[in-house]
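Asker: The structure's right below; bear with me while I get my questions together.
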Amino acid sequence: MEKRKVLVVDDESRMRKLVRDFLVKDDFAVLEAEDGSQALDVFFETKDIDLVILDVMMPKMDGWQVCREIRALSKVPIIMLTARADERDELLGFELGVDEYISKPFSPKILVARVEAILRRSSGLAQEQVVTAGKITMDKAAHEVKVDGKPVELSFKEFELLSYFLDNQGIALSREKILNSVWDYDYFGGARTVDTHVKKLRSKLGEQADYIKTIWRMGYKFEVE
């Protein structure tokens, strides 16, 4: 089987090596670029790149411009890296079609896990049928949810929303992204529909409702501490 290709773009050689070593260990083929201009050259000269890990602040051309250039012609998954914890950066990233946004410093193991999760979603491979997070267990095949060992009755959309959160643990999700993934792209309801369903879902999760964290002015993140 051909190895999955990941393009790592960062002007810091030590950061590229760190990410590359962990990805190679997980059986990825890794290509590198040290600035935005080189990144575009590598991307458009190389066939079948499966995912791009892209730093924001770089010489010659920053990550935002690289993202715009790639998005104009490709839907390849993109993970943005930044040393700045700026909410405006995150919002811009989601507007440009970034799949995930990770602030430095980060755990390389977590980064690799998120690369795997994004590739599973983008390739349409079947997700695990039984998913566990903290005291929540979901059996997707049986359409059952248990919290602290006790069955919890969820509506169809509440079940789909929780499933989406479980498949994207630790990832900041905008309301629009949740709406487009759990509902349909042509759904005419507002993004506040998400808030309403999150409120209902939290009410049924009891103490585990704290797993669903609100990100001010952006959306939510499901995280088990």
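Any read-out appearing in this document is the output of simple, stated calculations on the displayed coordinates, not a laboratory observation. Remember, predicted model here, so these are calculated numbers, not experimental data. We place every Cβ from the backbone using ideal geometry, glycine too, and count neighbours over all the protein chains shown.
Asker: Tell me which residues, restricted to segment 65-76, are surrounded by 19 or more Cβ atoms within 10 Å (Cβ to Cβ) and within 17 Å of the chain's Cα centre (by Cα).
Answerer: 67
Asker: Also, I was wondering about something else. Out of the residues in segment 148-165 that are in contact (Cβ under 8 Å) with a residue 40 or more places away in the chain and surrounded by fewer than 18 Cβ atoms within 10 Å (Cβ to Cβ), state the one that is nearest to residue 208 (Cα to Cα).
Answerer: Among residues in segment 148-165 that are in contact (Cβ under 8 Å) with a residue 40 or more places away in the chain and surrounded by fewer than 18 Cβ atoms within 10 Å (Cβ to Cβ), the one nearest to residue 208 (Cα to Cα) is 148.
Asker: Of everything in segment 42-55, what is in a helix (DSSP H, G or I) and within 20 Å of residue 17 (Cα to Cα)? Give them in sequence order.
Answerer: 42, 43
Asker: Right, another one. Surrounded by 15 or more Cβ atoms within 10 Å (Cβ to Cβ), part of a loop (DSSP other than H, G, I, E, B) and of a type outside the set (D, E, K, R): which single residue out of 58, 15, 80 fits that description?
Answerer: Exactly one residue qualifies, and that residue is 58.
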